[in-house]
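Single-structure report; data block below.
Values quoted throughout were computed directly from the atomic coordinates according to the rules given, and no laboratory measurement underlies them. Not measured: the values here are computed from a predicted model. Every residue, glycine as well, gets a Cβ built from its backbone with ideal geometry; the counts of neighbours run over all protein chains shown.
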Amino acid sequence: MDFSLSEEQQMLKDSVQRFVRDEYELEARRKLVASDIGYSEANWAKMAELGWLALSLPEEYGGIGGNAVDTMVLMEEFGRGLVVEPYMTSIIIGGGFLMAGGSAAQKTVLLPKLAAGELKLAFAYAERQSRFDLNDVECKAEKSGDGYTITGHKGVVFHAATADKIIVSARTSGGSRDEDGITLFLVDNNCSGLTRRDYPTVDGLRASEVEMDGVTVGADAVLGSVGGGAALMEEVVGLAIAAICAEAVGCMDVLQETTNEYLKTRVQFGVPLSKFQVLQHRMVDMFMECEQARSMCYMVNLKVGDEDPVERAKSVSAAKVQIGNSGRFVGQQSVQLHGGMGMTDELHVGHYFKRLTMIDTMFGNKDHHLKRYADL
Amino acid sequence: MDLAFSDDDLAFREDVRTFVAENLPEDIAESARRGRPISKPDIQRWQRILYDQGWAAPAWPAEYGGTGWDATKRYIFDEVMAEFDTPETIPFGLLMVGPLIYTFGNDAQKARFLPTILTGEEWWCQGYSEPGAGSDLASLQTKAVRDGDNYVVNGTKTWNSSAHIADWVFCLVRTSNEGKQQEGISFLLIDMTTPGIDPKPIISIDGAHHLNMTYYTDVKVPVENRIGEENKGWTYAKFLLGHERISISEVGLSKQRLRRLKTIAAEERSHGESLIEDPTFAGKIAAAEVRLISHEYLNLRLLAEEAAGRPIGAEASLLKIRGTEIRQELTELTIEALGYYTAPFEMEQLSDRWNEPAIGPDYAAAQMPQFLFSRAATIYGGSNEVQRNIIAKMVLGL
Amino acid sequence: MDLEFRDDDLAFQAEVRAFIGANLPLDLQEKVSRGLHLEKDDYVFWQQKLNGQGWFAPHWPEDLGGVKWTPTQHFLFQNEQVEANCPPIMPFGVRMVAPVIFTYGSMEQKQRFLPSILDSTAWWCQGYSEPGAGSDLASLQTKAVRDGDHYVVNGAKTWTTLAQHADWIFCLVRTSSEGKPQEGISFLLIDMTSPGIEVTPIITIDGAHEVNSVFFTDVRVPVENRIGEENKGWTYAKFLLLFERSNSLTGSLKQQLHRLRAVAGQERLGAQSLMADPSFAAKLADYEVQLRTYEFLELRTLGNSQPGAEASYLKIIGTDLQQLASELTLQAVAYYGNPYIRDALVLGYNQPAVGPDYAAPSAPQYFNYRKTAIYAGSNEIQRNILSKAVLGM
Ligand SMILES: Cc1cc2nc3c(=O)[nH]c(=O)nc-3n(C[C@H](O)[C@H](O)[C@H](O)COP(=O)(O)OP(=O)(O)OC[C@H]3O[C@@H](n4cnc5c(N)ncnc54)[C@H](O)[C@@H]3O)c2cc1C
Ligand SMILES: Cc1cc2nc3c(=O)[nH]c(=O)nc-3n(C[C@H](O)[C@H](O)[C@H](O)COP(=O)(O)OP(=O)(O)OC[C@H]3O[C@@H](n4cnc5c(N)ncnc54)[C@H](O)[C@@H]3O)c2cc1C
């Protein structure tokens, strides 16, 4: 058993830290968030150049072949910087789907482009009625000729506007919430029949409502097996959860450090706030939440590749629950202990708080994962 | 002990219900139901309606334009207002400076200020906090120096809610540096149009402009606008803080929030059912409701004590703590109910000029801003930590 | 980073399991698994078994009877025992006073005291707390006045766990009132049979006799029984407290979980078992998630040889979980948490159980476990320590 970073991982960490320091000053991020596309293409190109886009992709397709822990190292630093580039949707999820379910042709064509920063992907799965159930899919794909015709609505699709292709879950057979009968499709963003409504999200990202009205795709657009999308989604969403846990740990650490620093410098009643025992104990509780979150983050990233599907799923859900609880406590208390300052848009604290709040929602909140854990 | 309403009270409730049902403008009710921010003119429109009925300030003594109702009737009135989603009362005039003026002000001040507070024509804001004086309010440094019939005020106030739309501000200023900090503070009423006052927006985490930083540069304030004695302002301020805390307990508003939460949870789907059928989520709503009920009974108990002539003291802090925690719990459950549709954050959706279809369900857009802004409730009005300090000292003798 | 146990660790784990399987009598295992009362002989029996294998004091230096194990092996060893329902190790001798003796004691002291700790023929208890000195331990007032080759000790110690069975007590006493309170404390080893020592029981809220008051009246203690230097006892005491806190709880928490699951599996709620009730299942899952988190927190800090700040947060989180599990168990047995028949907690009680047979210990354990957040430095004190030591507040 070993919880230390390898030399390569340490180097990766240093280089992402440098990037965040140089490119992600709060003001710079604010500009990105307010810009047209909501992030920076220059940053994306730089990530490609530094090999980060290739990090988790296989070597035979232009990737570096890194494992979940490598991604974790990167995501934690992204969390510290509140990085807004579509890394999660394109690389971790998009790349994850291609690796886990892509045909040889799809891999050969798409993975090198992904690694080179020439292709972006998004994942459209949520629907109005689905809440956090990945298998609650009403969007329909009907066989037509060699291919399929897709009709339905997908909600809150992150980074859909800037994606070249959207991975869409649609039902090819079975009833609304059946596990069987879900198929994943690679759909061109600009194909006819697809309309989007783009909007900003509360944590500074971009998302869209995606409406598909008779979108036609060829048989080669199927990702993985027809009707077998559920297992594929579970696998890839597991990876995404492991990665987002790392992002959350990065956010929490920043909040914990900043709040501690603030309490030591803010003077009220003639003393620094850090002299009040309630605040000391609150800070200790925040610190313990951070340590617990970090432990679970390591755990899930070490176990997300476990061969035993139950153990893997339990690890994923357990980590998501812990991250949800810790993130909530650390986020809310950071605002509280900053007093009025914590409520301002100007200070970074509120932005981390919002991101942590949304991370709990992503891929199922703590209640969802607690129930899943109990059912496993 | 008796919990039942008298026949008279029940009849009163029907009267209030009938009145509100007949007089609340539908557009205002609709905005309130959707959780849209209600504009100043709309709030004024509604207050005028209440004023014409003689109900603008239920808690004020009848001689100043209040109703003379007892605690039970006031409680019933608040309940009905919440039931009908009427706009929230803006506290600064009616709940804060008004009572202060009729308690400590002179006749001229009463005559000058109370009528326009009642009608809603003049809006007030609160100028207590400063960058260096938050929880430790007594350390405030904004100076008022006597110059003939005027004070000349210099300094910076911050976190002033609504200062950008207020006509007047009630301010704590330092008039002396001798003795204890608390003993050199005076209470001034200042016209916001006076030269030298400059409010600058502070955008809060919900993306909105509620708050301001207000700079005072050589602002001339007539001495007649001072409440009570010079250097006794702390006494008046403390009186007011008590009122603020009670008004933050928000039983009626939280009932309204609970109703909205239930409506939303009934609409939202989870595993093919309505979310409100989900045992975990239903359990959380029930737990919040139980907390709200116990909070309500605490309120009623304290109101009854007050009616029996025992004024509410440090117990007001209890109401503030529980009231704000419940508000946060309810707003948090509400965003939780929305699932992924908490994420979209298109501020324009909240404007009444928005005429595109909603992103996701139409009740979604207002909830995240409310959740975010509710985080402030445990900070303002004396933070909950400070309230606990007060209870520890004043109630428990620690 | 990886989570794999190495092959030799796995082999070691198998060896420990085999040893326990071959040596732990079934009735003893049953007592432990059902949460019944253990007698002194039960503890001694198992400690001597372990000692026969050379495993009773693995964390000691090898030349004194320790074993050269990796932190992982220590972790596995502790947790295998607990999961297999072995009686717990009484810590006062082997884990508490012994490290002080072998770190700060003289050669004679090592030779005199360590062997009887190893073979469990001498039982120890801890004499730190006093009626006026709990969290503020340094304010202790039990006096030791030098008289020739002896100290004469007068005062009262309290909350002394299992003093009724102890042969020896290690005591903090005041030898000077000058300077800071910490600077006038000495560390004495005192024979419990010395004239002038009186032990009186304190019955705790669970009805058990676990702790005692110990009164000292003109008790003569040879100077050679002092550890290290006079007035330096605080240093040794702090060293010991770290060991007291850094006990791994993962195993015992898992054991509590097993028991809780067993109980919830048998309790009925209408037509189904309590485990199938979504709201109880969610609480259980929540506990399990927290336990997993605790385990990984412990594993992450395993490599650190000197227990430091981690010891404080592991203590807080671990004891919170101990309390939570006992609370959930009490909730699970519902009405049958009420009956309280002391004898039902003794193996061999030959009346039929009132209600289900697993119910009897659940309330006593819940009440007893309130102690975990108080002793070994209360959880509030641990937070004080963390805010200073880690957060620099
Ligand atoms: C949305 C909003 C609206 C507001 N509106 C107004 C307004 O209209 N007019 C106005 O004058 N002010 C207003 N305020 C200001 C409000 O009253 C102050 O924010 C509040 O008094 C806290 O002061 P602070 O922000 O300086 O925090 P600080 O006093 O710096 O407190 C920071 C943290 O330390 C804690 N703390 C401080 N002292 C202690 C202690 N002794 N023991 C334990 N914990 C302690 C606090 O609880 C808080 O968690 C508003 C604030 C907000 C957020
Ligand atoms: C079952 C049991 C077994 C024990 N066994 C032994 C034993 O074998 N030998 C031995 O020497 N002692 C033993 N103890 C004693 C134990 O170490 C003390 O109980 C402990 O140190 C707390 O002291 P106290 O009981 O005097 O509580 P106090 O110190 O009076 O504390 C009371 C409360 O105040 C809190 N508190 C105190 N100071 C602070 C502070 N500065 N900041 C915040 N909160 C504070 C505490 O956390 C606690 O909640 C045992 C205790 C129990 C319950």
Margin query: Could you give the length gained by full extension between C:A11 and C:F367, i.e. 0.36 nm per residue of separation minus their alpha carbon distance, to one decimal place?
Written below: 124.2 nm
Next item on the list: Please average, across the residues of A:316-326, the number of beta carbons from any other chain that are within 10 Å of each residue's own beta carbon, and give a whole number.
Entry: 3
Check: Comparing B:A307, B:A316, B:A265, which has the greatest mean-square fluctuation in the GNM of chain B with Cα pairs linked when under 10 Å apart?
Finding: B:A307
Notebook entry, point to check: Over the Cα atoms of segment C:7-89, what is the Rg over Rh ratio if Rh follows Kirkwood?
Noted result: 0.97
Next item on the list: Using only atoms on other chains, find how many Cβ atoms lie within 10 Å of each Cβ of peptide A:289-295 and report the average.
Entry: 5
Notebook entry, point to check: Where both partners of a DSSP beta bridge lie in the protein assembly as shown, what percent of those bridges are antiparallel, to the nearest 5?
Noted result: 85
Margin query: Order these by the 10 Å Cβ neighbour count, fewest first: C:M107, C:M393, A:M233.
Written below: C:M107, C:M393, A:M233
Notebook entry, point to check: Once a ≥ b ≥ c are taken as the square roots of the eigenvalues of the Cα gyration tensor of segment A:137-186, is the result rounded (a/c under 1.5), prolate (a/b larger than b/c) or oblate (a/b not larger than b/c)?
Noted result: oblate
Checklist line | segment A:241-300 - Kirkwood radius from inverse mean 1/r over Cα pairs (Å) | finding: 12.4
Margin query: For chain B, give me the percentage of DSSP beta bridges that are antiparallel, rounded to the nearest 5 percent.
Written below: 85
Checklist line | Selected from C:I89, C:G21, C:G66, residue furthest toward positive end of dipole (segment C:7-89; charges at beta carbon) | finding: C:I89
Checklist line | Too-long pairs where the Cα-Cα distance tops 30 Å, listed order kept, from B:K232/B:K255; B:K73/B:K238; A:K275/B:K200; B:K40/B:K232 | finding: B:K232/B:K255; A:K275/B:K200; B:K40/B:K232
Next item on the list: Could you tell me how many degrees, from 0 to 90 and to the nearest 10, lie between the Cα long axis of helix B:107-119 and the main elongation axis, the longest principal axis, of the Cα atoms of chain B?
Entry: 20
Next item on the list: Place +1 on the Cβ of every Lys and Arg and -1 on the Cβ of every Asp and Glu in segment B:249-395, take the dipole about the Cα centre, and give the residue among B:Y341, B:N389, B:I293 whose Cα lies farthest towards its positive end.
Entry: B:N389
Check: Between C:K110 and C:V145, how many nm apart are label points set 7 Å from Cα along the C-beta direction?
Finding: 3.6
Margin query: Just to confirm my numbers, what's the Cα centroid distance between segment A:256-298 and segment B:1-75 in Å?
Written below: 44
Check: Which one of A:A104, A:T71, A:V20 is farthest out on the positive end of the charge dipole of segment A:7-120, using unit charges on Cβ (Lys, Arg +1; Asp, Glu -1) and the Cα centre as origin?
Finding: A:A104
Item checked: Among B:Q370, B:Q47, B:Q349, residue whose mean-square fluctuation peaks in a GNM of chain B (springs only between Cα atoms under 10 Å) -> B:Q349
Notebook entry, point to check: What area, in nm² and to one decimal, does the C-alpha convex hull of segment C:241-393 cast on average over all directions?
Noted result: 10.7
Notebook entry, point to check: Which of A:L134, A:L53, A:L263 moves most in a GNM of chain A, Cα contacts under 10 Å?
Noted result: A:L263
Check: Can you work out the FRET efficiency for the pair A:V267 and C:I202, with r the C-beta to C-beta distance and R0 = 56 Å, to the nearest 0.05?
Finding: 0.75
Check: Quick one: Cα centre-to-centre distance for segment C:368-393 and segment C:30-45, in angstrom?
Finding: 30
Check: When only Cα pairs under 8 Å and 6 or more residues apart are kept, what is the percent relative contact order across segment A:122-227?
Finding: 31
Check: Which value in nm describes the separation of the simple spin-label points at B:Q141 and A:H153, placed 7 Å from the Cα toward the beta carbon?
Finding: 5.6
Notebook entry, point to check: In peptide A:341-348, how many Cβ atoms from other protein chains are near each Cβ within 10 Å, on average?
Noted result: 6
Check: Angle, helix C:71-83 long axis vs. longest principal axis of chain C, Cα atoms, 0 to 90°, nearest 10?
Finding: 60
Check: Counting trypsin sites (Lys or Arg not before Pro) as exposed when in a DSSP loop with at most 13 other beta carbons within 10 Å, what is the longest stretch of chain B free of them?
Finding: B:1-179
Checklist line | Normalised contact order of chain A, rounded percent, pairs of Cα under 8 Å and 6 or more residues apart | finding: 15
Note to self: About the Cα centre, and with charges only on the beta carbon of Lys, Arg (+1) and Asp, Glu (-1), how big is the dipole of segment A:7-120? Nearest 20 debye, please.
What the structure shows: 300
Notebook entry, point to check: How are the C-alpha pair distances of segment A:122-227 spread across 5 Å bins, as whole percents from the shortest bin up?
Noted result: 3, 14, 25, 26, 19, 9, 3, 1, 0
Next item on the list: Restrict the search to segment C:59-133; then list the trypsin sites (Lys or Arg not before Pro) that DSSP places in a loop and that have at most 15 other Cβ atoms within 10 Å of their Cβ.
Entry: C:K68
Item checked: Amide N of segment C:222-254 lying under 17 Å from the label point, which is placed 7 angstrom from the Cα of C:E183 along Cα→Cβ -> C:229-236
Notebook entry, point to check: Which shape class applies to segment C:124-231: rounded if a/c is under 1.5, otherwise prolate when a/b exceeds b/c and oblate if not, where a ≥ b ≥ c are the square roots of the Cα gyration tensor eigenvalues?
Noted result: oblate
Check: Going by alpha carbons, how many degrees (0 to 90, nearest 10) lie between the helix axis of C:379-389 and the longest principal axis of chain C?
Finding: 70
Notebook entry, point to check: What span do the alpha-carbon atoms of segment A:7-120 cover on each of the three principal axes, reported in whole Å from largest to smallest?
Noted result: 43, 37, 19
Note to self: Relative to 2.2 N^0.38 Å, what does the C-alpha radius of gyration of chain C come to as a ratio? Two decimals please.
What the structure shows: 1.03
Notebook entry, point to check: Radius of gyration and Dmax for chain B's Cα atoms, expressed in Å?
Noted result: 21.8, 75
Note to self: Output needed: percent of Cα pairs per 20 Å distance bin for chain A, bins running from 0 to the one holding the longest distance.
What the structure shows: 29, 58, 13, 1
Check: Looking at this model, which pairs from A:K320/C:K315; B:K110/B:K220; A:K165/A:K371; A:K320/C:K388 are more than 27 angstrom apart at the alpha-carbon?
Finding: A:K165/A:K371; A:K320/C:K388
Margin query: Give me log10 I(q)/I(0) at q = 0.10, 0.22 Å⁻¹ for segment A:201-326, Debye formula, one equal scatterer per alpha-carbon, no solvent.
Written below: -0.52, -1.18
Check: So what's the convex hull volume per residue for the Cα atoms of the protein assembly as shown, in Å³?
Finding: 208
Item checked: Assigned charges on the beta-carbon of Lys, Arg, Asp, Glu; segment B:7-89 dipole about Cα centre (debye) -> 440
Margin query: I need the calculated FRET efficiency for the pair A:R18 and B:T116, taking r as the beta carbon distance and R₀ as 45 Å, to the nearest 0.05.
Written below: 0.15
Item checked: Separation in nanometres of the label points that stand 7 Å from Cα toward Cβ, at B:N154 and A:Q10 -> 5.7
Check: Could you name the lysines in cross-link range of C:K40, using Cα to Cα under 17 Å and dropping any fewer than eight places away on the same chain?
Finding: C:K31, C:K49
Check: How big is the charge dipole of the protein assembly as shown about its Cα centre, in debye rounded to the nearest 20, if each Lys and Arg gets +1 on its Cβ and each Asp and Glu gets -1 on its Cβ?
Finding: 2000
Item checked: Centroid-to-centroid separation of segment B:304-371 and segment A:17-68 [C-alpha atoms, Å] -> 37
Next item on the list: Report the FRET efficiency, 1/(1 + (r/R0)^6), for B:E26 and A:V226, where r is their Cβ-Cβ distance and R0 is 41 Å, rounded to 0.05.
Entry: 0.20
Note to self: Below 8 Å between Cα atoms, with a sequence gap of 6+, how large is the relative contact order for segment C:86-221 in percent?
What the structure shows: 22
Next item on the list: Name the aspartates and glutamates eligible as straight-distance cross-link partners of A:K120: C-alpha to C-alpha under 17 Å, and not fewer than 8 places from it in the same chain.
Entry: A:D36, A:E41, A:E49, A:E85, A:D164, A:D188, A:D198
Next item on the list: Please give every one of the lysines within straight-line cross-link reach of C:K232, meaning a C-alpha to C-alpha distance under 22 Å, and leave out same-chain neighbours fewer than 8 residues apart.
Entry: C:K110, C:K143, C:K157, C:K180
Notebook entry, point to check: By count of other Cβ within 10 Å, fewest leading, how are B:L10, C:L137, B:L140, C:L188 ordered?
Noted result: B:L10, C:L137, C:L188, B:L140
